[in-house]
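Reviewing the structure listed below.
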Amino acid sequence: MDLKDIHKAIGNQNKYLWENRLTRNDLENWFENFTGKVTDTEIEKKTALEILSSFIYHNEDEIRFLCKNAFNIFKNTKLKEFIFDGSDLENAKSTFNDFIKKCRFSHIGRPGESGGYILYIFRHANNLPIHLFPGRWSEITKDINYILFIDDFLGTGDTAINFWESSIIKNLIKNFPDITLYYLPLVALKKGVDNVTSFTRFKIISPQIFTEDYRVFSDKSCIFPDRKKREETKKMCEVYGEYLEGINYSLGYKDSQALVGLHHNIPDNTLPIIWSKSKGWYPIFKREKKRY
């Protein structure tokens with residue numbers, strides 16, 4: 001794909017997928033970040049454009065669709081179990097309506113973080129009654145058998161694993177030893193799913209899981225399948241990424257090498273040349289960092 005085609009592809013993505021978030025000034029200011037630290041300035045800018053054309057952005061409509069999809073996967077999984085136990089489809093649907101009364105929905109993280117925002121969209125997307133979304137853990141009683149934790153993004157799995165080890169989960173398991181805990185990230189990296197599966201007893205359901213193919217510089221990369229081009233691009237991203245966010249984030253948090261964004265924020269697993277605001281860098285998609 002030549003430079004003209006890449007520009008056209010980005011223009012179409014911005015118009016139809018990226019909610020027209022980018023202006024010509026945004027692109028020009030972002031290009032000015034690349035000053036020839038690694039190779040010729042024009043080569044760096046063209047490479048940056050190729051990276052941007054592969055950026056996967058989930059707009060507001062897609063977030064809502066993923067919320068519906070996550071719940072449908074959960075629902076269909078339970079319907080299959082009911083049918084396997086001898087119910088016909090209509091009876092299984094009736095059984096599920098009774099089953100959902102024993103479920104509660106919550107989120108990982110503190111009030112005001114993205115989990116609460118996603119939980120609101122999830123409730124409306126699936127037309128679920130508000131009493132299934134408790135405001136306090138004291139509202140969980142012995143007739144509740146399942147809790148589903150909704151999340152927007154699962155990267156390395158650190159957040160979910162730390163949450164599993166928190167007093168909230170320990171108290172739930174202690175007080176309700178038969179309770180089943182689900183974790184529903186809308187978007188996930190396969191490595192993170194594997195980590196959460198290994199270190200917790202969450203039952204994971206995710207409607208979109210990015211495999212190693214979508215890890216930008218992996219040997220299996222579908223983004224840069226050509227080895228020479230992949231290595232050259234990786235070097236550029238590492239140099240700029242380390243300069244901006246340090247070695248642990250040079251290619252995204254813990255070397256995630258993601259190119260993923262969400263309507264409401266950009267995960268730090270994504271390459272920092274996309275989102276960083278450090279040292280006067282102009283981000284093409286802004287990330288709002290947590291303030292403690």
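Amide H of residue 210: which non-local residues (sequence gap of 5 or more, or other chain) have their own amide H closer than 5 Å, using H built in the peptide plane?
188, 189, 190
Counting heavy atoms of the protein chains only and a 1.4 Å probe, report the per residue accessible area for the chain as a whole number of Å².
Values: 15630 Å² over 292 residues.
Value returned for the chain: 54 Å² of accessible area per residue.
Rounding to the nearest 20 debye, state how big the charge dipole of the chain is about its Cα centre with +1 on each Lys and Arg Cβ and -1 on each Asp and Glu Cβ. Kindly include the intermediate steps, with their values, before the conclusion.
On the way: 43 positive and 39 negative charges, 119 e Å.
Rounded to the nearest 20 debye, it is 580 debye.
Kirkwood Rh, Cα Rg: Rg to Rh for the stretch 224-292? List each step's numbers first, then the result.
Numbers: Rg = 12.0 Å, Rh = 12.2 Å.
My calculation of the ratio gives 0.98.
Pull up all non-local amide H partners of residue 106: gap of 5 or more, or a different chain, and H-to-H distance under 5 Å with H placed in the peptide plane.
For residue 106, the qualifying residues are 148, 149, 150.
Quick check: the distance between the Cα centres of the stretch 223-240 and the stretch 17-88, to the nearest angstrom?
What the calculation gives is 20 Å, centre to centre.
Read phi for every residue in the stretch 138-146 and hand back ³J(HN,Hα) as whole Hz from Karplus 6.51 cos²θ - 1.76 cosθ + 1.60, θ = phi - 60°, with x for Gly and Pro.
Karplus-based 3J(HN,Hα) across the stretch 138-146 equals 5, 7, 7, 10, 5, 7, 8, 9, 9 Hz.
Kirkwood Rh over alpha-carbon pairs of the chain, then Stokes-Einstein at 25 °C and 0.890 mPa s: what D in µm² s⁻¹, rounded to an integer?
Working: Rh = 20.8 Å.
Estimated diffusion coefficient is 118 µm²/s.
Quick one: compute the contact order of the chain, relative version, from alpha carbon pairs under 8 angstrom and 6+ residues apart, as a percent. Walk me through the numbers before you get to the answer.
Values: 422 pairs, mean separation 48.6, N = 292.
The value is 17 percent.
Of 8/75; 15/46; 170/220, which pairs sit farther than 29 Å apart, going by alpha carbon to alpha carbon? List each step's numbers first, then the result.
On the way: 8/75 40 Å; 15/46 21 Å; 170/220 39 Å.
Violating the 29 Å limit, Cα to Cα: 8/75; 170/220.
Under the 0.36 nm per residue contour assumption, what length would be gained going from the current alpha-carbon distance of residue 247 and residue 222 to full extension? Please list the in-between numbers first.
Values: separation 25, 0.36 × 25 = 9.00 nm, distance 2.46 nm.
Roughly 6.5 nm would be gained on extension.
Too long at a 27 Å Cα-Cα cut-off: which of 191/235; 68/174; 228/279; 45/68; 101/191; 68/190?
Values: 191/235 23 Å; 68/174 31 Å; 228/279 30 Å; 45/68 38 Å; 101/191 33 Å; 68/190 21 Å.
In this structure, 68/174; 228/279; 45/68; 101/191 lie more than 27 Å apart at Cα.
Hey, can you rank 249-262, 198-211, 232-245 by average C-beta count inside 10 Å, highest first?
Values: 249-262: 22.0, 198-211: 17.1, 232-245: 19.1.
Result, highest mean Cβ count within 10 Å first: 249-262, 232-245, 198-211.
Using each residue's phi in the stretch 273-278, evaluate 6.51 cos²θ - 1.76 cosθ + 1.60 at θ = phi - 60° and report the 3J(HN,Hα) Karplus result to the nearest Hz, with x for Gly and Pro.
Those phi angles translate into 5, 7, 10, 4, 10, 6 Hz.
Compute the projected area of the convex hull of the Cα atoms of the stretch 1-98, averaged over all viewing directions, and report it in nm² to one decimal place.
Numbers: hull surface 40.4 nm².
Answer in nm², one decimal: 10.1.
How large, in Å, is the stretch 131-188 by the Kirkwood hydrodynamic radius built from its alpha-carbon pairs?
Values: mean 1/r = 0.0807 Å⁻¹.
One decimal place: 12.4 Å for the Kirkwood radius.
Among 264, 58, 131, which one moves the most in a GNM of the chain with springs linking Cα atoms closer than 10 Å?
In the Gaussian network model the winner is 131.
Counting only helical runs of four or more DSSP H residues, what would the 222 nm mean residue ellipticity of the chain come to if each run contributes -39,500 (n - 2.57) and the total is spread over all its residues?
Numbers: 11 runs with 133 residues, N = 292.
Using -39500 (n - 2.57) per qualifying helix, the result is -14000 deg cm²/dmol.
Quick query: amide H of residue 266 versus all other amide H atoms, modeled in the peptide plane; which residues come in under 5 Å with a sequence gap of 5 or more or a different chain?
Sorted by chain and number, the residues that satisfy this are 288.
Once phi is turned into ³J(HN,Hα) by the Karplus curve 6.51 cos²θ - 1.76 cosθ + 1.60 with θ = phi - 60°, what whole-Hz value does each residue of the stretch 63-80 show in order, with x for glycine and proline?
4, 5, 4, 5, 4, 5, 5, 4, 5, 5, 4, 4, 4, 5, 4, 5, 4, 4
Could you work out the relative contact order of the stretch 111-240? I mean the mean sequence separation of Cα pairs under 8 Å and 6+ apart, divided by the number of residues, in percent. Walk me through the intermediate numbers first.
Values: 148 pairs, mean separation 24.8, N = 130.
This gives 19 percent for the stretch 111-240.
Quick one: if you stick a label point 7 Å off each Cα along the C-beta vector at residue 139 and residue 124, how many nm between them?
A separation of 1.8 nm, rounded to one decimal place.
The values are calculated or read from the model by the stated rules, or taken from the named source; none is laboratory data. Because the structure is a prediction, the values reported are computed rather than measured. We place every Cβ from the backbone using ideal geometry, glycine too, and count neighbours over all the protein chains shown. Note: areas computed on protein heavy atoms with side chains; ligands, DNA, RNA excluded. Shrake-Rupley method; radii C 1.70, N 1.55, O 1.52, S 1.80 Å.
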